[in-house]
Amino acid sequence: MANQSPQSGGRNTASKNNASQAQRAGSAGKGASSQLSRGASRRRSAKQPWWRQNLPIIVTLVTVALLIGLFALIARLNTSSAGGGIGEPVPADVLNAVTKPDPAIFAKVGTGDLKNPLAHVAGDPLKGANGKPEIFYLGAEYCPYCAAERWSLIMAMSRFGEYKDLQLMKSADAPEAFPQTNTFTFQHSSYTSQYVDWASVETADRTKQPLQTPTADQLAIVNKYDAPPYTQQSGSIPFVSYANQYVTIGAGFQNSSIQDLTWQQIASKLSDPNDPVTKNIVGNANYLTAAICQSSNNQPASVCQAAPIPDIEKQITK
């Protein structure tokens, strides 16, 4: 029994040594395997295309681009639903509402309870290029009061002739008074009539950059009539001469009535004689129509003899 203990102990020691060697071999194998794995991983990484390596960045950039495109599309759709944008042709529904309103609306509105905007000047009769009485407008696209006046002026002038190529416009952004008032521009437009001639000058765009320049003769009219006693401030716009028999300086109604309204919203109101917007635009247009009738020898009769124009003519000639 005593001789067995050393032998038993010897077997145990050899077994342990063998196990230790196996463990070391296993560890070495695992290390080598790990190194091989890392090497393979690096090789696989090196073989990946550039876009896969930068996939998170690409996804982020594409997402941002899509969002920007979506916002731009929404803005465009909103502009379209509002009836177009700056510099675009006037939509048919807006153009017809301003240039071809129901004739009965003029009689129903009358003066719209507005104060007479006309100043009687009785200067030398102004003739246009075709030898007819000339209506001369001077304004600017940035001007909010020009923006308001154009609604009435286009309505009045359309009773005597026809505009072509009118475009949509907004007055200047803030801090200009009544910013972004929806209106039109006379630049690029033309007008034909068998009764009167028309001349328009938009001196600056909505960012106040120069556009059109008045002639020497036009400047002479402005210097003579766009000054005291006809206005408190010389050179005010909008300025309109009705064949040098009458002038209007400034807007004939308050801009606040159309502020923040789209072109279509304004146009849609022009069929309701009780709407404040209609009273302002049509009431002012009736005054301007009477001045044009005075200049055109009351032609055409279908306009100048229709209510309320004869009564307004009596009022402005007193």
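The values are calculated or read from the model by the stated rules, or taken from the named source; none is laboratory data. Since we're looking at a predicted model, the values are computed, not measured. Positions of Cβ are generated from backbone atoms using ideal geometry, with glycine treated the same way; all protein chains shown enter the neighbour counts.
Checking the structure you have, find out if any residue of the stretch 160-175 is closer than 18 Å to CYS293 by Cα, of a type in the set (S, T, N, Q) and either outside the structural domain of ILE258 (by TED's automatic domain parsing) or crowded, with 21+ Cβ neighbours inside 10 Å (or both). Looking through the stretch 160-175, none of the residues is closer than 18 Å to CYS293 by Cα, of a type in the set (S, T, N, Q) and either outside the structural domain of ILE258 (by TED's automatic domain parsing) or crowded, with 21+ Cβ neighbours inside 10 Å (or both). Among the residues of the stretch 210-226, those that are under 14 Å from PHE239 (Cα atoms) and part of a loop (DSSP other than H, G, I, E, B) comprise PRO214, ASP226.
Screening the candidates VAL303, VAL282 for the property of being assigned by TED's automatic domain parsing to the domain that holds VAL98 and under 28 Å from ASN130 (Cα atoms) yields one hit, VAL303. Against the test of being more than 29 Å from ASP102 (Cβ to Cβ), touching a strand residue (DSSP E or B) at 6+ places or on another chain (Cβ under 6 Å) and surrounded by fewer than 22 Cβ atoms within 10 Å (Cβ to Cβ), the options THR231, THR215 yield a single qualifying residue, THR231.
Do you know which residues across the stretch 252-303 are assigned to a loop (DSSP other than H, G, I, E, B) and under 24 Å from PRO89 (Cα atoms)?
Going through the stretch 252-303, the residues assigned to a loop (DSSP other than H, G, I, E, B) turn out to be 252-254, 258-262, 270-275, 296-300.
If the condition is that a residue be assigned to a loop (DSSP other than H, G, I, E, B) and under 24 Å from PRO89 (Cα atoms), then ILE258, GLN259, ASP260, LEU261, THR262, LEU270, SER271 are the ones that fit.
Considering (1) at pLDDT 95 or above; (2) more than 22 Å from TRP263 (Cβ to Cβ); (3) part of a loop (DSSP other than H, G, I, E, B), the lone condition that GLU134 does not fulfil carries the number (3). When you scan the stretch 139-171, how many residues do you find that are of a type in the set (D, E, K, R) and outside any strand (DSSP E or B)? Residues meeting the conditions: 5. Residues in the stretch 170-191 that are touching an Asp or Glu at 6+ places or on another chain (Cβ under 8 Å) and without any contact (Cβ under 8 Å) to a residue 12 or more places away in the chain: GLN180 alone.
Out of the residues in the stretch 179-206 that are of a type in the set (A, V, I, L, M) and within 10 Å of GLY139 (Cα to Cα), which is surrounded by the most Cβ atoms within 10 Å (Cβ to Cβ)?
Within the stretch 179-206, the subset of a type in the set (A, V, I, L, M) is 196, 199, 201, 204.
Adding the requirement that they be within 10 Å of GLY139 (Cα to Cα) leaves 201, 204.
Details: VAL201: 21, ALA204: 17.
The extreme case among them is VAL201.
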